[in-house]
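Novice: Below: one structure in structure tokens.
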Amino acid sequence: MSTDTAAPSLALRREDFGAVGYQHDTRRLVFLRRPDEAGRPLAELVAGGLRAPVCLTWELTYACNLQCVHCLSSSGRPDPRELDTDGCRALIDEMAAMGVFYVNIGGGEPTLRPDFWELLEYAVQRRVGVKFSTNGIRITPQRARWLAAAPDIDVQVSLDGATAPVNDAIRGAGSYATALSALTRLRAAGFVDPKLSVVCTRETVAHLDELLALADDHGATLRLTRLRPSGRGAQVWDRLRLLPGQQRQVYDWLRIHGHRVLTGDSFFHLSGYGDPLPGLSGCGAGRVVCLVDPIGDVYACPFAIHDRFRAGNVTTDGGLAQVWRSAPAFAALRDASAGPECRGCAAYQDCRGGCPAAKFFTGLAPEAPDPECVQGRAAQRLAASQDRPTHGIDHSRRTSLAVLADSPCDQSPLQGFLPELFPPDPS
């Protein structure tokens, strides 16, 4: 599908309910409805799937210099089957042809790919906006200046604690200092509004005010995401997920500060406490968003990397557009008749039964309530759940994560990596 440009900074794409647009200058989405669709909830409008993803998450590589305990993709070592530069360019071309507004690039640590900066430039040339996540390891002063001068690129720096001890216990020794150094360099270079991305755990939730202040001090916007039991996160979810009282604490805090904080569709399950929070109500997996992994496999979302949610491959199944339109895995997610058993709940219009990936990886049925339902509807089944699916291929540099205190990277960060992953910085 082609993308109509109504103004240099605005891209529009027609949809059955009207149109969806992306403002490249402010990096904001806009949903435009026909008058006869004005009264329908947004989650209902997109439930059957958009003509193309609004955004696509792209895990560019499994290579990573860290060993975060909650990594969704169990990253560490690169996979020899990862798409090469030509394959990546072809995927960007297809995103542009479909009218995908922007791509969220992650990993692994995407900046470890020698062609990373080349691919960023190519995406911008093709009018596909880029938001990339990094632990900051390759944000040199030179690269910070390059990013500040580049159009349509947003940077998200990951941090999981307001202090080094909390963060480094999850992400690895020295990662706190690396992340803050990257944010400092971006601000010094004049980069506008980077994001400070934090996964909410029972260790971080007590420090939300400090995290917001930390973002403010670095000229950044705080982004909070929910801990999912996916990848290596499945091994620590029971120990790190929010306690019931902390769920309420996050809800109350977002009610006050949500206008300054990005959450995406992370916390729609908290709507059971009362009024809905800002952000998309209901799950957008396979309807609004999808994920492409380093070898080209397509999944419903970043939290659903498992054969159960695999929709196809961009190189062997007719390309991204064909997978998006025709994959049975996506059709099942868009099936309105397959709703959860809790659709009679007063919060259903805003919660929509919760996160399918969180249900799956905790052993709950698709029709069950969210495992963290704030009204406790899933508590008994969660306690009785014994058989939890495994993630799949583990690219970790080691596989034992039995003790949280021993879980940061206990090898050299470069252990097992190929030298060409660390070429000289051309700038």
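Novice: Of all alpha-carbon pairs in region 181-237, indicate the percentage at a distance above 19 angstrom.
Specialist: Summing the P(r) tail past 19 Å for region 181-237 gives 39 percent.
Novice: May I pose another question? Three principal axis extents, largest first, for the C-alpha atoms of region 287-327, in Å?
Specialist: Principal extents (Cα only, largest first): 24, 21, 15 Å.
Novice: Round to the nearest 0.05 the FRET efficiency obtained for ALA346 and GLN249 when R0 = 25 Å and r is the Cβ-Cβ distance.
Specialist: For R0 = 25 Å, the calculated efficiency reads 0.70.
Novice: A follow-up question, please. Under the Karplus relation 6.51 cos²θ - 1.76 cosθ + 1.60, θ = phi - 60°, what is the ordered set of whole-Hz ³J(HN,Hα) values for region 301-314, x standing for Gly and Pro?
Specialist: 6, x, 8, 10, 8, 6, 4, 4, 10, 6, 9, x, 9, 5
Novice: Hey, another quick one. Output the relative contact order of region 242-294, whole-number percent, from Cα pairs under 8 angstrom with separation of 6+ residues.
Specialist: So the answer I get is 30 percent.
Novice: Go through region 105-113 residue by residue and turn each phi into a ³J(HN,Hα) via Karplus (6.51, -1.76, 1.60, θ = phi - 60°); whole Hz please, and just put x for glycine and proline.
Specialist: 9, x, x, x, 9, x, 5, 6, 6
Novice: To continue, here is another question. Check SER197: other-chain or 5+ apart residues with amide H under 5 Å from its amide H, H built from backbone geometry?
Specialist: VAL157, SER158, LEU159, ARG223
Novice: Let me ask you something else. Residues with beta-carbon under 15 Å from that of HIS306, excluding HIS306: net charge, scoring Lys, Arg +1 and Asp, Glu -1?
Specialist: So the surrounding residues net to 0.
Novice: If amide hydrogens are placed 1.01 Å from N in the peptide plane, which non-local residues have theirs closer than 5 Å to the one on ASN313?
Specialist: Amide H neighbours of ASN313: VAL298.
Novice: If you restrict to DSSP beta bridges whose two residues both lie in region 3-150, what percentage is antiparallel, to the nearest 5?
Specialist: The antiparallel proportion sits near 60 percent.
Novice: In nanometres, what is the gap between the two model label sites at GLN375 and ASP16, each 7 Å from Cα along Cα-to-Cβ?
Specialist: The answer from the label model is 2.8 nm.
Novice: Still on this structure, I have one more. What do the square roots of 5 times the Cα gyration tensor eigenvalues come to for region 1-158, in whole Å, largest first, as semi-axes of the equivalent ellipsoid?
Specialist: Taking √(5λ) for each eigenvalue gives 30, 18, 15 Å, largest first.
Novice: When the Kirkwood radius is taken over all Cα pairs of region 217-275, what Stokes-Einstein diffusion coefficient follows at 20 °C and 1.002 mPa s, in µm²/s?
Specialist: The calculation lands on 167 µm²/s.
Novice: Let me ask something additional. Roughly how many debye, to the nearest 20, is the charge dipole of the chain about its Cα centre, given +1 on each Lys and Arg Cβ, -1 on each Asp and Glu Cβ, and no other charges?
Specialist: 500
Novice: To continue, here is another question. Sorted by mean Cβ packing within 10 Å, highest first, what order do the peptides 36-43, 213-220, 108-115 take?
Specialist: In descending order of packing, they fall as 108-115, 213-220, 36-43.
Novice: Follow-up question, since we're still on this one. Taking θ as phi - 60°, what are the ³J(HN,Hα) couplings along region 67-84 by the Karplus curve (6.51, -1.76, 1.60), each to the nearest whole Hz, with x for Gly and Pro?
Specialist: Values, residue by residue: 9, 4, 5, 10, 4, 5, 10, 6, 7, x, 9, x, 9, x, 8, 4, 4, 7 Hz.
Novice: Still on this structure, I have one more. Using DSSP, restrict attention to beta bridges with both residues in the chain and report what percent are antiparallel, rounded to the nearest 5.
Specialist: 40
Novice: Okay, next question. So what's region 120-212 giving for Rg/Rh, alpha carbon basis, Kirkwood Rh from the mean inverse pair distance?
Specialist: Using Cα coordinates only, the ratio equals 1.02.
Novice: Still on this structure, please answer the following. Give me the compactness ratio for the chain, meaning the Cα radius of gyration over 2.2 N^0.38 Å.
Specialist: Output field value: 0.92.
Novice: Take peptides 143-152, 293-302, 199-208 and line them up by average Cβ neighbours within 10 Å, highest first, as a rough protection proxy.
Specialist: 293-302, 199-208, 143-152
Novice: Could you order TYR273, TYR102 so the one with the most accessible surface comes first? Probe is 1.4 Å.
Specialist: TYR273, TYR102
Novice: Expressed as a rounded percentage, what relative contact order does the chain have, with Cα pairs under 8 Å and six or more residues apart?
Specialist: Relative CO of the chain lands at 18 percent.
Novice: Give the residues of region 139-169 whose amide nitrogen is closer than 18 Å to a point set 7 Å from the Cα of THR26 in the direction of its Cβ.
Specialist: Those under the cut-off are 152-154.
Novice: How far apart, in nm, are two points set 7 Å out from the Cα along the Cα-to-Cβ line at ALA173 and at ASP216?
Specialist: Each label point lies 7 Å from its Cα, and together they span 3.5 nm.
Novice: Taking only C-alpha pairs under 8 Å that are 6+ residues apart, what is the relative contact order of region 197-266 in percent?
Specialist: After rounding, I find 42 percent.
The values are calculated or read from the model by the stated rules, or taken from the named source; none is laboratory data. None of these values were measured; they are calculated from a predicted model. Virtual Cβ from ideal backbone geometry, glycine too; neighbours counted across all protein chains shown. Note: areas computed on protein heavy atoms with side chains; ligands, DNA, RNA excluded. Shrake-Rupley method; radii C 1.70, N 1.55, O 1.52, S 1.80 Å.
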